[in-house]
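Asker: Take a look at this one; I'll ask things after.
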Ligand SMILES: CC(C)(COP(=O)(O)OP(=O)(O)OC[C@H]1O[C@@H](n2cnc3c(N)ncnc32)[C@H](O)[C@@H]1OP(=O)(O)O)[C@@H](O)C(=O)NCCC(=O)NCCS
């Protein structure tokens, strides 16, 4: 099991990338540590904490800096650095088959590196990338959103993720003192330890299905003429002004959104003006069943290419609200709109209230002719104090 950084750790040592090759001596005999050899325990711990903080500062300030972990057995052989463009291939090589082939990182990596509110941190072992985590500051500077966490398959189960999470928390604390909590979204069942560590903020069912874009378009067109004579309320597409008003409306936050949180393609946000402004800039199709008093709010994010198969797109639809008919109407409208210019294989991940899962699965597979990719699973938004 990994040790908590800084706790009873022997003196730490930092190394810059340019010094890395020079230093071949075993960790315990390198210069920085030797000089600490005679320091009293208390002084040593203080020094250890200082050098930990310095390492964090180094990674923050110099993108090319490679920082070694303090000698916390068994992870003293880890080094940390900020990710750069040239690390992309190595990151891909540790990311094979994750998220069932729906990894979003390859299509977002470039944008992530450009984002001034985001840090992408790599852990290396003997110079090779073995883990990645990204942290983005949201909620007007109050929250660190943890994303993209992955560890190379051969290194899993050894506590690497835990150490990387801890290192990133230290970086956030140092760079953004206003951040108080860290939040993340996951889809693996939460164990008792997770529930001790995290508070559950929101839970949605995950409906995963796939289709060929051309076939679905045809089916939607046929369905349109079949339904042509039936009187139904059409969903309303929301433009910036209405959307802003709805998202900042207390009734909507209380009645429709879980814990006043909106999730857009795995990213959970509190309904704060800064977040809403950011969401408005994104390529997202927003809908509601009613402009003034909605019971269902839904959003479909722009499709992106995924590694699952060549040319395969992933489409994400987040739905909030529990009334079946408007949900179905909005799903139809989102699919129509978003598959307009798509061809070939599309995997759709739909997040919705758990009681609607089965009904929507029947609708998408039975009525629309899509294929179910997996059975019922859940998405969890969890939060913990930044420690
Ligand atoms: C999930 C994964 C990153 C765990 O890495 P790991 O190095 O094997 O994990 P560790 O040995 O450090 O042990 C688990 C620790 O990671 C944390 N962890 C496990 N899954 C996690 C997840 N999905 N999100 C955040 N933390 C997670 C656990 O809380 C635990 O921390 P704790 O010891 O403080 O309780 C790794 O299995 C992996 O890369 N899987 C494929 C990608 C993936 O599913 N990523 C999850 C993104 S939501």
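Nothing in this text is a laboratory measurement; each read-out follows from the coordinates by a stated rule. All figures in this text were calculated on a predicted structure; none of them were measured in a lab. Reconstructed Cβ throughout: ideal geometry from the backbone, glycine too, with neighbour counts over all protein chains shown.
Asker: Under the classification rounded if a/c is under 1.5, otherwise prolate if a/b is larger than b/c and oblate if not, where does the stretch 278-332 fall, given a ≥ b ≥ c as square roots of the Cα gyration tensor eigenvalues?
Answerer: Here the stretch 278-332 falls in the oblate category.
Asker: Just to be sure I understand the model, the point goes 7 Å from the Cα along the line to the Cβ. What's the resulting residue 250 to residue 305 distance in nm?
Answerer: 4.8
Asker: Among bridges DSSP assigns within the stretch 239-387, what percent are antiparallel (round to 5)?
Answerer: Numbers: 16 of 22 bridges.
Percent antiparallel among DSSP bridges in the stretch 239-387 is about 75.
Asker: For residue 237, project a label point 7 Å along Cα to C-beta. Then give me every residue of the stretch 282-304 with its amide nitrogen under 16 Å of that point.
Answerer: 282-291, 298-303
Asker: Mind sorting 261, 143, 339 by how few other Cβ atoms lie within 10 Å of their own Cβ, fewest first?
Answerer: So the residues, fewest neighbours to most, are 261, 339, 143.
Asker: Something else about it: Could you let me know the centre-to-centre spacing of the stretch 252-300 and the stretch 77-125, using Cα atoms, in angstrom?
Answerer: Each part's Cα centre sits 28 Å from the other's.
Asker: Quick one: grab the alpha carbon gyration tensor of the stretch 203-382, order the square roots of its eigenvalues as a ≥ b ≥ c, and give me rounded if a/c is under 1.5, else prolate or oblate depending on whether a/b is larger than b/c. Don't skip to the answer; put the middle values down first.
Answerer: Working: a/c = 1.55, a/b = 1.31, b/c = 1.18.
Verdict is prolate for the stretch 203-382.
Asker: For the stretch 342-385, just say rounded, prolate or oblate: build the C-alpha gyration tensor, square-root its eigenvalues into a ≥ b ≥ c, call rounded for a/c under 1.5, and beyond that prolate if a/b exceeds b/c, oblate if not.
Answerer: Numbers: a/c = 3.13, a/b = 1.65, b/c = 1.90.
Oblate shape, in that a/c is at least 1.5 and b/c is the bigger or equal ratio.
Asker: How far is the Cα center of the stretch 167-184 from the Cα center of the stretch 315-387, in Å?
Answerer: 32
Asker: How much of the DSSP bridge set in the stretch 297-362 is antiparallel, in percent, rounded to the nearest 5? Provide the component values of the computation, followed by the final result.
Answerer: Numbers: 7 of 13 bridges.
Expressed as a percentage, antiparallel bridges in the stretch 297-362 total about 55.
Asker: Could you list 313, 337 in order of exposure, starting from the residue whose Cβ has the fewest other Cβ atoms within 10 Å? Display every interim value, and only then the final one.
Answerer: Working: 313 21, 337 13.
Placing the least packed residue first, the sequence is 337, 313.
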